[in-house]
Every structure is written in C-alpha cells, then in structure tokens.
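Below is one structure, written out as structure tokens, with a few remarks after it.
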Amino acid sequence: MSQIEAVKEKLRVIRILRLLKKNYTYEELSRITGLPITVLNRYVRGKVLPSTQRTKELIKVLSPYVNLEEEVKRRIVFDKHGLFDNLKILSDTDLMSLVAENVASKYMDMDIDKILTAATDGIPLAIHIGNELGVDVVYAKKKKEVGVEKFYEVNYVSSSSGSVMTLYLPSWAIKKGERVLIVDDVVRSGETQRALIEMCKQANATPVGMFFLISAGNSIDRIREEYNIPVDVMVRL
C-alpha cells in the first residue's frame, strides 16, 4: 500500500467514526472498538490519525455497523404530500464521501474520463465521486452561460410541467471518445438522465455507466432496459 493509499484509509476510518457518532455515543463506540473515549474523541475531531495497524483493525470492527443505504434512508425527509427533501443527505460530507468511495470502487477499472450531471442537486454527489476517481466533473444547466460560444443542447418534455425543457453543456466540457459516468442524486421520470445520455452522443463520447443515489418510482427499470450500460441506484422509493 502506497503512502497516499494509507492516508486515505486513515481518513476513511475518521469518516466512519464521524458518521457513527451521529447514532452512537462515545461510550458505545468505546465498547465496540475497545478504545478509550479520549482516543476516539481525538480521531473524530481530526486531532490525530490512527496508525496503519489500528486503521486496519478499526475498519474490520466498524464496517458491520455502517450501512450506507440505511444511512441515506434515515436522512430522507417526507412532507405531508409525500414529497421528499434530500438536503440532509447531500450536506453530510462524511456520508457523501463514503458513498462516493463505494461507487468509485465499482467504476475504478472502467477508465472513466469525465463525470456528467445536471445542475444543481446532482453536483455535490458528482464532485465527491469525481474526487475518488480522480476525474473532472461537468454539469449541464437549464440556461446558457454568458461567455460560452458553443453548447451541446438537448430539449425534452418535462412530465411534471408538460413544457419543453432544455439542458445546455459547453462544447468543451466533453470531448470525442471520452468515457463518461452519469451521476445524479435523484431519478424520477428519467427524462433528465436521457437528456444527459443524448449530450454524450452529441459529443461522440461514450456513456459507460449511471449512478443514482435515490430512485423514485419505476423509471430506473425503464432506463436499464433502454441502455446497455451498468445502471446503479443506492435507495429505491
């Protein structure tokens, strides 16, 4: 293991402890790990990193207590109309980092060149995954940016509003032949995600996979049927 990989493993342990600290007391974590509360406190606060050996031991001990799918579900907030808010998920940087590690492990060997998402809620997740994969993140917007001359432009009909929507992506953002991972926080009808696929086609780039944090309804099944690429989702509602 390289020094960089060793440090990443140590930081992963810190994220796991911080995530668990939201559901467990220091006393409980002390019983689970066998470590003094003072030591755990220094880890959680980022005052010190565990040794390489202790990192391996902690990952082995703590991993059974970390269920990312359940952590995501726990943070989904529904209103009285059945609509949900996922800000508590996207704003939890420790959870997002651990989710990104999980996603990156599946696509690490696929030679991803770019991550593509749609503004705005898909951006935090895409950035975390891009950081893990070591690739750039680009995102399509509903308005043209001033100062950009050429765009990839895709029109689609929004099922929620019944109106024609347009996504724009600067033409420099994706190059011919690049392998693209499409990422979004939520997939509902699948219209936005199909538009992102079309942008890849316009750029003569290759979409090699899609990942969604949350899938609402059955659109994820239709997307899987339409495209011959891996389509993964963490939580289905």
Options [x] 0.93; [y] 1.13; [z] 1.29 are given for Cα Rg over 2.2 N^0.38 Å, and the computed one is [y]
In square angstrom, what is the accessible area per residue of the range 15-65 with a 1.4 angstrom probe?
59 Å²
Give the percent of DSSP beta bridges with both residues in the chain that are antiparallel, rounded to the nearest 5.
30 percent
Solvent-accessible area per residue, Å², over the range 88-237 with all protein chains present [probe radius 1.4 Å]:
47 Å²
Most fluctuating of Val77, Val186, Val164 in the GNM of the chain (C-alpha, under 10 Å) is Val164
Most mobile of Lys142, Lys80, Lys47 in a GNM of the chain (Cα contacts under 10 Å):
Lys80
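To the nearest 20 debye, what is the magnitude of the charge dipole of the chain about its Cα centre, counting +1 on the Cβ of each Lys and Arg and -1 on the Cβ of each Asp and Glu? Spell out each step's value before the answer.
Values: 35 positive and 31 negative charges, 139 e Å.
Around 660 debye, computed over the chain.
Among the listed pairs Lys22/Lys143; Lys73/Lys176; Lys141/Lys175; Lys106/Lys176, which have their C-alpha atoms separated by more than 28 angstrom in this model?
Details: Lys22/Lys143 39 Å; Lys73/Lys176 38 Å; Lys141/Lys175 18 Å; Lys106/Lys176 24 Å.
As for pairs spanning more than 28 Å Cα to Cα, those are Lys22/Lys143; Lys73/Lys176.
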Between the range 150-179 and the range 20-82, what is the separation of their alpha carbon centroids in Å?
40 Å
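Using per-residue counts of other Cβ atoms within 10 Å, averaged over each peptide, order 69-76, 223-230 from highest down.
Values: 69-76: 15.6, 223-230: 13.8.
Highest-to-lowest ranking by the protection proxy: 69-76, 223-230.
So for the range 88-212: antiparallel DSSP bridges make up what percent, rounded to the nearest 5? Present the calculation step by step, with values, prior to reporting the outcome.
Values: 8 of 22 bridges.
The answer is about 35 percent antiparallel.
Per-residue counts of other Cβ atoms within 10 Å, averaged by peptide: what ranking do you get for 84-96, 10-22, highest first?
On the way: 84-96: 16.7, 10-22: 18.2.
Listed from highest to lowest mean packing, they are 10-22, 84-96.
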How large, in percent, is the carbon and sulfur part of the accessible surface of the range 1-133 at a probe radius of 1.4 Å?
50 percent
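Is there a quick way to get the dipole size of the range 1-101? I mean about its Cα centre, with the Cβ of Lys and Arg at +1 and of Asp and Glu at -1; what is the value in debye to the nearest 20?
Numbers: 19 positive and 13 negative charges, 73 e Å.
The dipole magnitude comes to about 360 debye.
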Taking the Cα centre as origin and putting +1 on Lys and Arg beta-carbons and -1 on Asp and Glu beta-carbons, what dipole magnitude results for the range 95-146, to the nearest 20 debye?
420 debye
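The values are calculated or read from the model by the stated rules, or taken from the named source; none is laboratory data. Note that this is a predicted model, so its numbers are computed, not measured. Cβ atoms come from the backbone with ideal geometry, glycine included; neighbour counts cover every protein chain shown. Only protein heavy atoms, including side chains, enter the accessible area calculation; ligands, DNA and RNA are left aside. Shrake-Rupley method; radii C 1.70, N 1.55, O 1.52, S 1.80 Å.
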